[in-house]
1. Need a quick list: helices (runs of 4 or more DSSP H) entirely within the range 138-239 having at least 2 residues that are within 16 Å of the ligand (Cβ to nearest atom) and at pLDDT 95 or above.
2. Looking at the range 49-62 only, could you name the residues that are among the aliphatic types (A, V, I, L, M), in a loop (DSSP other than H, G, I, E, B) and crowded, with 18+ Cβ neighbours inside 10 Å?
3. Being at pLDDT below 95 and basic (Lys, Arg) narrows it down to one residue among Arg47, Arg95; which is it?
4. Would you confirm whether or not the range 105-125 contains a residue that is touching a residue at least 24 places away in the same chain (Cβ under 8 Å) and touching a Gly at 6+ places or on another chain (Cβ under 6 Å)?
5. Out of all the residues in the range 20-38, which are away from the ligand (no atom under 16 Å from the Cβ), closer than 18 Å to Arg226 by Cβ and either part of a loop (DSSP other than H, G, I, E, B) or in contact with a helix residue (DSSP H, G or I) (Cβ under 6 Å, 6 or more places away or on another chain) (or both)?
6. Name, by its number, the condition in (1) touching a Lys or Arg at 6+ places or on another chain (Cβ under 7 Å); (2) crowded, with 19+ Cβ neighbours inside 10 Å; (3) among the β-branched types (Val, Ile, Thr); (4) over 22 Å from Leu7 (Cβ atoms) that does not hold for Val93.
7. With the checklist (1) closer than 30 Å to Ala12 by Cβ; (2) surrounded by fewer than 24 Cβ atoms within 10 Å (Cβ to Cβ) in hand, flag the one item Ile218 doesn't pass.
Amino acid sequence: MDRAVQLQQRLAQVQGHVDELCAQHDRDPSDVTIIVVTKTWPESDIRHLVSLGVQDMGENKGQELSEKAAKCADLDLRWHFIGQLQTNKAAGVARVASCVHSVDRSRLVKALAKGAADRLVSQPLECLIQISLDHAVGEPDATGVRGGALRADCEELADLILSFPALRLRGVMGVAPPSGDARAAFNELREVSADLVGHHPDATWISAGMSGDLGEAIAAGATHLRIGSAILGERPYLR
Ligand SMILES: *Cc1c(COP(=O)(O)O)cnc(C)c1O
């Protein structure tokens, strides 16, 4: 099948599914943004997606993001960085991303702020604090694997982000541990979000939910879904 047609059908399927889930949970679908995770997929897929009306793309490697952003500089895209980010790669990501979902330690905040100070785009870099959801499902702490800050450190990171004019605090992000109960994990994320919004009323974004757990994410109030394989197919190689 023609790739453009395939992507159109899968995107429509996912959007239809999201609409149904929103109806079930009494939510407005326009409050839920689908970020299409294009990691490992070529520029040509990004161009198909743009012609289908997608503007929000997700990548999880600094190098791949920089390369694709350069190739797609003619397109009006919002790049979301969703992977674990080494401090020495932060400036490169800060130059092209519109939002970093994986902010989880103070050294990274400082590195992003420095990189965002000489951004190509003029808006501040949007930041989500990634929260480790491992204990929510009774797993040993695996912050080294999936990344994420401890819940107890969220407020301090929020204050640090707010101290830099080049950064904008938008909310929280979480990845459900694959072996655990996604519902419990995302409920914990919702609680962390409520605490954060209590102090910072603008920081309302909840980035949660991938192809396999978008139902649990929408139930728990996700505002941003990160969907890869349900739209683009199984990735050519594992990452
Ligand atoms: C790859 C990735 C996704 C998308 O996963 P799918 O299962 O392909 O939808 C979402 N979030 C993060 C952090 C990822 O690395």
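1. Passing ranges, in order: 182-199, 214-219, 229-232.
2. Correct list: Val54 only.
3. Arg95
4. Within the range 105-125, not a single residue is touching a residue at least 24 places away in the same chain (Cβ under 8 Å) and touching a Gly at 6+ places or on another chain (Cβ under 6 Å).
5. Cys22, Arg27, Pro29
6. (1)
7. Evaluating Ile218 over (1) closer than 30 Å to Ala12 by Cβ; (2) surrounded by fewer than 24 Cβ atoms within 10 Å (Cβ to Cβ) leaves (2) as the failure.
The rows are residues; the columns are (1) assigned to a helix (DSSP H, G or I); (2) over 18 Å from the mean Cα position of the chain (by Cα); (3) crowded, with 21+ Cβ neighbours inside 10 Å.
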{"residue": "Thr40", "(1), (2), (3)": "no, no, no"}
{"residue": "Arg47", "(1), (2), (3)": "yes, yes, no"}
{"residue": "Glu64", "(1), (2), (3)": "yes, no, no"}
{"residue": "Ala70", "(1), (2), (3)": "yes, yes, no"}
{"residue": "Ala73", "(1), (2), (3)": "no, yes, no"}
{"residue": "His80", "(1), (2), (3)": "no, no, yes"}
{"residue": "Leu85", "(1), (2), (3)": "no, no, yes"}
{"residue": "Cys127", "(1), (2), (3)": "no, no, yes"}
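The values are calculated or read from the model by the stated rules, or taken from the named source; none is laboratory data. Given the structure is predicted, the values throughout are model-derived calculations rather than measurements. Note that we place each Cβ from the backbone using ideal geometry, even for glycine, and neighbour counts take in every protein chain shown.
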